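Asker: One structure follows; several queries about it will come next.
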Amino acid sequence: MSSYYYDKKPTVSSERQTVDVVIKEKEYTFYTDRGVFSKGGVDFGSAFLANAYQVPAVEGPILDVGCGYGPLGISIASNTGREVWMTDVNERAVELATENALRNHVEKQVTIVHGSGYEAVSEEKTFASIVTNPPIRAGKTVVHHFFEEAYNRLVDGGELWVVIQKKQGAPSTKKKLEELFKDVVEEGKSKGYSLFRCYK
C-alpha cells in the first residue's frame, strides 16, 4: 500500500535526516523523515512563501495549515515574533515540527496540533494571517476547503497567503480565492509557482 504525506499514519519506515535552509538571511536546521512532504529538503514553494511573507497590519496570531515538518511556520515565528499555530494531518510531520520548533528556539511561540485542516483548532480561535502550501495531491475538495475555512478563521483585515504551482492549478485557485476574498493580489511568480495574498 502506498503512503502519502497527507496520510494520518505514514506506513513507510522511519529514516530521519536533517536539512539546512536559509530563510530571510537566517539559518535553520530541520529534522525530516520518510512519509512526510518534501523530506529531502524544504520545497521551493514553501521557501518562496516564507521569504516573501509580510506580517499583516492587524494584530493577532498566525496559522500555518498543512505545516509538514514546520519550515514555514517556524521561520515565520522566528522572523515576526508573533504567536504561530501549526497543524497537519500527518502524525509523523507533527512530531517532527514539534522537535524542529525546539531545535530552532521558537517552542514558546508556537502551538502545534494534529488534525486535518482546521479540525484541531477551536472554532473560536481567529487569526490575523493564515499561510498554506496546500496538499494538492489530496484533491481539489480538500484544498478548496482550506481556502473556504481560512476566510471564516480570519479576523477582519486578516490575510491568507497561498503558494501553488501553475501546472497544479494556479489559475483555478485564483478564481476560487477571488470568489471568497474581497481582494486577491499575486505577490510574485517564480519557477512556475504563483504566490497569492488574499485580504478579508
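Read-outs throughout are calculated quantities, based only on the coordinates presented, and are distinct from any laboratory measurement. Bear in mind the structure is a predicted one, so any value in this text is a computation, not a measurement. Positions of Cβ are generated from backbone atoms using ideal geometry, with glycine treated the same way; all protein chains shown enter the neighbour counts.
Asker: Regarding the range 66-75, can at least one residue be identified that is out of contact with any Gly (no Cβ under 8 Å at 6 or more places or on another chain) and either among the charged types (D, E, K, R) or farther than 15 Å from residue 49 by Cα (or both)?
Answerer: yes
Asker: Also, quick follow-up: Applying the selection to the range 127-141, what residues are farther than 23 Å from residue 77 by Cβ and either without any contact (Cβ under 8 Å) to a residue 60 or more places away in the chain or aromatic (Phe, Trp, Tyr) (or both)?
Answerer: Correct list: 136, 139, 140, 141.
Asker: Can you tell me which residue in the range 43-57 is surrounded by the fewest Cβ atoms within 10 Å (Cβ to Cβ), limited to those that are within 12 Å of the chain's Cα centre (by Cα) and assigned to a loop (DSSP other than H, G, I, E, B)?
Answerer: Out of the qualifying residues, it is 43.
Asker: Also, I was wondering about something else. If you check 73, 35, which single one turns out to be buried (at least 19 other Cβ atoms within 10 Å of the Cβ) and closer than 21 Å to residue 151 by Cα?
Answerer: On the way: 35 fails: closer than 21 Å to residue 151 by Cα.
Step by step, each of 73, 35 is checked, and only 73 is buried (at least 19 other Cβ atoms within 10 Å of the Cβ) and closer than 21 Å to residue 151 by Cα.
Asker: Okay, moving on. Mind listing just one residue for me: the one in the range 103-123 that is of a type in the set (Ser, Thr, Tyr) and under 20 Å from residue 60 (Cα atoms) and, of those, surrounded by the most Cβ atoms within 10 Å (Cβ to Cβ)?
Answerer: The extreme case among them is 118.
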